[in-house]
Each structure stands twice: as C-alpha cells, then as structure tokens.
Amino acid sequence: MKQPKYKRIVLKLSGEALAGDSGFGIKPPTIQEICKEIKEVHELGIEIAIVVGGGNIWRGKIGEEMGMERAQADYMGMLATVMNALALQDCLENEGVPTRVQTSIEMRQIAEPYIRRKAMRHLEKGRVVIFAGGTGNPYFSTDTTSALRAAEIEADVILMAKNNVDGVYSADPKLDKTAVKFDELTHLDVISKGLQVMDTTASSLSMDNDIPLVVFNLNETGNIKRVVQGEIIGTTVRGKEHD
C-alpha cells in the first residue's frame, strides 16, 4: 500500500463548506460526506487537526452593514466557528472517529481550552482535534488560525479545502474566462501577485515557518485522501523558494 506523504495535517474547512448549496447553516448530507472522507484519512494513520470557519452562520460583512464595531463582529464570528466545530465533532464521532474540540476562547462546559501540548498529545493518540474560536483575537481570520496552529503543532502541511474551486487561479475563474490555474507557487508569489488564497498575515506566517499549503476542490469525493497520499491535484504553495 502506498505510504501517505504527510503524517500530521491541518485541514482548513470554510464554514460555507458545511452549508452545501444553500450557503447558510449546516446541511446534514454535506457534513456527513465530509466526515466520511476525514474518517478515510484517519484510517490511514494520519494525525488530523481541523480549523473551521464560521461564514455559514455569521459574516463580518453583516456586522459592517449594521454599523457594528469590528471587534464585536469578529467575536460573533468566533462563536460561529465553535458551533461548526461541535457539529463536526458529533458527526465524526458518529462515524467512530475519536474527536476533541479545543477553543481559543474558554468555554469549559462544551470544549477544552486550547493547550498546545494537550492538542499534540491528542493527535499522537489518534484523536482528531478541531480548533475553534479562531486565534481568540479579533482582526485575525481563520486562515491565520490555520497557519498559526500548523506552526504550533508542527504540522507537515495545511490542506485548504475549497468549495467548487480546484486550485489557485490568476483571477476568479467564474468572472474571468482568461484566468489561468497555477500548479505550483510560493507563499511569496501569493503575496506579491495579490492572489486570494489566504490573507497576507496567514501567507506570511506560513512562509516564515516553511509550511506548504495545498489548495484543492473539496466537492470532489476522495480528494482529501488523494492529497494526503501525494497525488498532485489542485495547487501546491511551497514554503520557501528552495523546496
């Protein structure tokens, strides 16, 4: 059997990934399909950490339109990620996958507080760890959380699962028919070209810590497993020039 390429991964899931076609809330068949794929990867012996967004429940843009203070809107977004994390935990455990949720904002009744050493111990014991609550600070995205947690837990790669997008393009392929897909980039390319892969803070953090990123289409069944096994799909963003 083919050896997996990565031993420890951070899987970045957007909140919208859980909403399916509806774009809002959590769609049971969609989250169940994602959990089945995560289970397949878990069965390969891969250590899996997940960072989940909250855009299917709350978006900062709504707060802006309400005239809400940015920090307040961001805290609401963090709470939305906790709701998604609990839904993912329940779904994964229904599939027989042991799971822990750790939150960067303390809420002891429903999840563990984020403790780096404890998270790493869970991973070593074969538990999937879901990081919720973003970084715990306003003004930082869940992309930045992915880069930060990947560096902290010494992950081999960040897997960025996108909805109906099969990689990184020079422009939005839905709006620009001349958009070109990149097979490989560096984080510096992403920053200098202004490509909308992850925000600049997240790209800089990934570059400084030499963490590669694979951007791929979540909606194609089996893609998470393919990426982990080293199949070349989507776009690979290398940590540094020498990789």
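The values are calculated or read from the model by the stated rules, or taken from the named source; none is laboratory data. Predicted model only: the values in this text are computed from it and were never measured. Cβ sites come from the backbone with ideal geometry, for glycine too, and all protein chains shown count toward neighbours.
Descriptive notes on the structure:
- Meets criteria (within 26 Å of Arg117 (Cα to Cα), assigned to a loop (DSSP other than H, G, I, E, B), out of contact with any Ser or Thr (no Cβ under 7 Å at 6 or more places or on another chain) and in contact (Cβ under 8 Å) with a residue 12 or more places away in the chain) for Ala155: yes
- Top-ranked residue of segment 1-42 - restricted to ones that are within 16 Å of Ala161 (Cβ to Cβ) and part of a strand (DSSP E or B), ranked as farthest from the chain's Cα centre (by Cα): Ile9
- Pair list, Cβ < 7 Å and 6+ apart or interchain, from segment 117-133 residues that are free of Cβ contacts under 8 Å to residues at least 24 places away in the same chain to residues that are charged (D, E, K, R): Lys118/Glu112; His122/Arg100
- Which numbered condition Asp143 fails, given (1) within 25 Å of Pro212 (Cα to Cα); (2) of a type outside the set (A, V, I, L, M); (3) in contact with a strand residue (DSSP E or B) (Cβ under 9 Å, 6 or more places away or on another chain); (4) surrounded by fewer than 22 Cβ atoms within 10 Å (Cβ to Cβ): (4)
- If the condition is being assigned to a strand (DSSP E or B), hydroxyl-bearing (Ser, Thr, Tyr) and within 17 Å of Glu152 (Cα to Cα), then segment 92-114 contributes only Thr103.
- Number of the exception - Ile48 against (1) surrounded by fewer than 22 Cβ atoms within 10 Å (Cβ to Cβ); (2) touching a residue at least 60 places away in the same chain (Cβ under 8 Å); (3) not basic (Lys, Arg): (1)
- Residues that are free of Cβ contacts under 8 Å to residues at least 12 places away in the same chain and either buried (at least 23 other Cβ atoms within 10 Å of the Cβ) or of a type outside the set (Gly, Ala, Ser) (or both), drawn from segment 51-71: Lys61, Ile62, Glu64, Glu65, Met66, Met68, Glu69
- Tally, over segment 175-213, of residues that are in a loop (DSSP other than H, G, I, E, B), in contact (Cβ under 8 Å) with a residue 40 or more places away in the chain and surrounded by fewer than 20 Cβ atoms within 10 Å (Cβ to Cβ): 3
- Segment 43-75: number of residues that are under 14 Å from Gly15 (Cα atoms) and not in a loop (DSSP other than H, G, I, E, B): 4
- Applying the condition of being among the polar types (S, T, N, Q) and buried (at least 19 other Cβ atoms within 10 Å of the Cβ) to segment 79-104 and asking which residue is farthest from Gln32 (Cα to Cα) yields Ser104.
- Looking only at segment 158-174, and only at residues there that are without any contact (Cβ under 8 Å) to a residue 40 or more places away in the chain and under 22 Å from Met207 (Cβ atoms), the one that is surrounded by the fewest Cβ atoms within 10 Å (Cβ to Cβ): Ser170
- Scanning segment 120-146 for residues that are of a type outside the set (Val, Ile, Thr) and in a helix (DSSP H, G or I) turns up Met120, Arg121, His122, Leu123, Glu124, Asp143, Ser146.
- The listed residues are Arg117, Arg149, and the only one of them that is modelled with pLDDT of 95 or more, crowded, with 18+ Cβ neighbours inside 10 Å, basic (Lys, Arg) and part of a helix (DSSP H, G or I) turns out to be Arg149.
- Qualifying residue in segment 171-178 (condition: of a type outside the set (S, T, N, Q) and either modelled with pLDDT of 90 or more or within 17 Å of the chain's Cα centre (by Cα) (or both)): no
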